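The next block holds one structure in the form of C-alpha cells; read it before the comments.
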Amino acid sequence: GRRPPAGGRAVIGVASDLRGSIRMACFFNGRETTSDEEVEEVLLGSPNRSDPDDNVDIKAILNSFRQDNLETGSTFTVIARRRYVLRSACAALSKTYFGWHKEPSVEFVSEMAADYGGPRREFFRLLMLEVQSSLGIFEGRPGELLFFSYDLQALDQNKFYTAGKLTAWSIIHNGPGLRCLNNSLFALMCNQMVDLTNLDLGLLPIESDDQSKIDQIKTCSTEEDLETVKQVCGDWIAGCGVPTVYTANLQDLPRVLNRVVAHFIFHRVASMIQQFTAGMNSCGRFWDLVKSYWRQFVPVFTHTGEKLTRHKLLSLFIKARSEEGSNRWEMEESTLYLFEDWLLAIEEGVVDFKFEELLIFLTGADCLPPLGFPDRCSINFYDQEPGVKRIPFASTCSLSVSPQGDHAASTDLDLFLRQRETDSIISTFYGLYSARISSHSSIIGGKISSATTLSSLLLRYLMNVEVQGL
C-alpha cells in the first residue's frame, strides 16, 4: 500500500455492482483505490493535523489577529471588585454593550484610576486565577497541570463556554492564558497525535479502581497476563471505546493503553471541551487560530513557558542614572548593588520571595505577556527630603519604579532587604516597606492620593509622619 501524500484529498464512496454486492471505492486525488490495504491507508492519512510554521512567533500571530479584529480607539469600561474579579468579569460579559473587540478599560471599585495598562494586566491575572479555581470546571492534583471535569451540571450552566470566552478575551488583550492545562490534553484538543503510555497515572482524574485497571494494562507483559486483562478488564476497556481488546495481542497493548487514557482525559469530556472551545471561538474564532499555531500557544495554555530568572528580570529594566562619576551616581550604584544582591538571594532560595511576586509589584502581571510589555521598566531615583523618610514606589501603568538615590546606611538597608510583609498590598522592595502604587495611586506632595487600602502604619509613613522604630 502507498500512503497518501500530505495535503491530498480523499473521497470515499459506497456503491452496488451489477451482482448486488457492496463495493467500497476510495478516490484519492482522482485515483480510485479499492483494496482493503489502500482504503485503510487513505483513511489513516485523511485527518488534517495542522503543522504550524515554527518560524512565526506568537507576537506576530496575535498582532495580525488584533489588526484584523480589534476596533482601534474603541474602549469598554469594566468595573471590578478585587475580591470578586470573576463575578465582575461575568457581569461585564452580560452587558449589551460588551464587545471583546473593544479595548477594556478596568476600574477597580473605590480606586481612583485611569487604566493605562496596569489595572488591565492585574485584572486579567486575577481573572485567570479565578477561572482555574472558582468555576469548578477543572480537576487534578493541587499544584499539577489540570484536566477538564466531567460535570454535566456545569455543562448545562455553560460554565465551560464562559471560561473559554474569558480566556480568549484575556489573551487577545495581552493578558495571560490559563497556563494550567495538562500538556497532553492540550495537544489532543489541537488534534495532535500524543503518546500517553508514559503519562503519570497519578495525574489522571479517575477513581482508584479505574487507575488499577489502567495499571494492569500498562504492566501486562506475558500471554498469561494478557488473558487475565481480557477476562478481568475486557468489558471495562471496551466501555472506554476500545472493543478490539478481545482480539488484541501483546503488540497491540500500547495502542489499547493509549486509547483508554485518551478516553478519560479527552473523549469522556469531549462535550465540555467542545463548549470551552466554542466560547473561545465566539471571539473572532480565536480557538481556530490557536489550533493552527498550537506549538506557539503551548506556554499560554500549559505553563511550560520560559521560567522567570534573575537575568530575565534585569533585562526588563532601563536605568535613569546621574552623570557617571558624580556623588549621586555613586549612591545610585550602591542602591543597585543591594537590589541585585537581593535578586541573587531570591534566585538562591535564601529569601522567601519569588520573582513573580516582584513582577506583580512592578507591572501587575505575574508572567511576561504574550505580546510583551509596551515599554521596558524604568528605574528613576529620587532624593530623600531632610527629616523625612520615604519608601520606594512603583507605577504598574508607566512601568517605572522609584528607589531613593541617597539611601540610608548599607547595614540598615541590607537588614530591611531581608524582611518581608505578607500583606496583599504591602511587600518588601529594596529593603524598605513599599506599597504598589499604580497610576490610579499617584503620589502628590509625598502623599498618596487614592483610596488604595494600606495598613495604618504604612499610611502614616506615606503621609510623612515620623514612625518610631523604622
Residues of the range 235-297: accessible area per residue at 1.4 Å, in Å²? 43 Å²
Value of D in µm² per second that Stokes-Einstein yields for the range 91-132, Kirkwood Rh from Cα pairs, at 37 °C (0.692 mPa s): 286 µm²/s
What is the sum of charges, Lys and Arg at +1 and Asp and Glu at -1, for the other residues whose Cβ falls under 13 Å from the Cβ of Leu196? +1
In the range 63-186 the accessible area split gives carbon plus sulfur, as whole percent at 1.4 Å, a share of 45 percent
Once label points are set 7 Å from the Cα along Cα→Cβ at both Asp215 and Ser94, what is their separation, rounded to one decimal in nm? 4.6 nm
At 1.4 Å probe size, what's the solvent-accessible area of Trp236? Round to the nearest 10 Å². 50 Å²
Fully extended, how many nm does the chain gain between Ser208 and Glu306 (0.36 nm per residue separation, minus their Cα-Cα distance)? 31.8 nm
Area accessible to solvent at Glu357, 1.4 Å probe radius, in Å²: 60 Å²
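What FRET efficiency do you get for Ala345 and Ala278 if R0 is 60 Å and r is their Cβ-Cβ distance, rounded to the nearest 0.05?
On the way: r = 47 Å, r/R0 = 0.79.
FRET efficiency, Ala345 to Ala278: 0.80.
Would you kindly work out the equivalent ellipsoid of the range 233-353 from its C-alpha gyration tensor and give its semi-axes, the square roots of five times the eigenvalues, largest first in whole Å? Before the final figure, lay out each step's value.
Working: eigenvalues 608, 88, 25 Å².
Taking √(5λ) for each Cα gyration eigenvalue gives 55, 21, 11 Å.
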Could you tell me the accessible area of Leu250 in Å² (1.4 Å probe, neighbours in place), rounded to the nearest ten? 40 Å²
Round to a whole angstrom and tell me the spacing of the C-alpha centers of the range 205-239 and the range 272-347. 45 Å
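The values are calculated or read from the model by the stated rules, or taken from the named source; none is laboratory data. Given the structure is predicted, the values throughout are model-derived calculations rather than measurements. Note: ideal-geometry Cβ built from the backbone for every residue, glycine included; neighbour counts use all protein chains shown. To get the accessible areas, we keep the full protein, side chains included, count just its heavy atoms, and leave off ligands, DNA and RNA. Shrake-Rupley method; radii C 1.70, N 1.55, O 1.52, S 1.80 Å.
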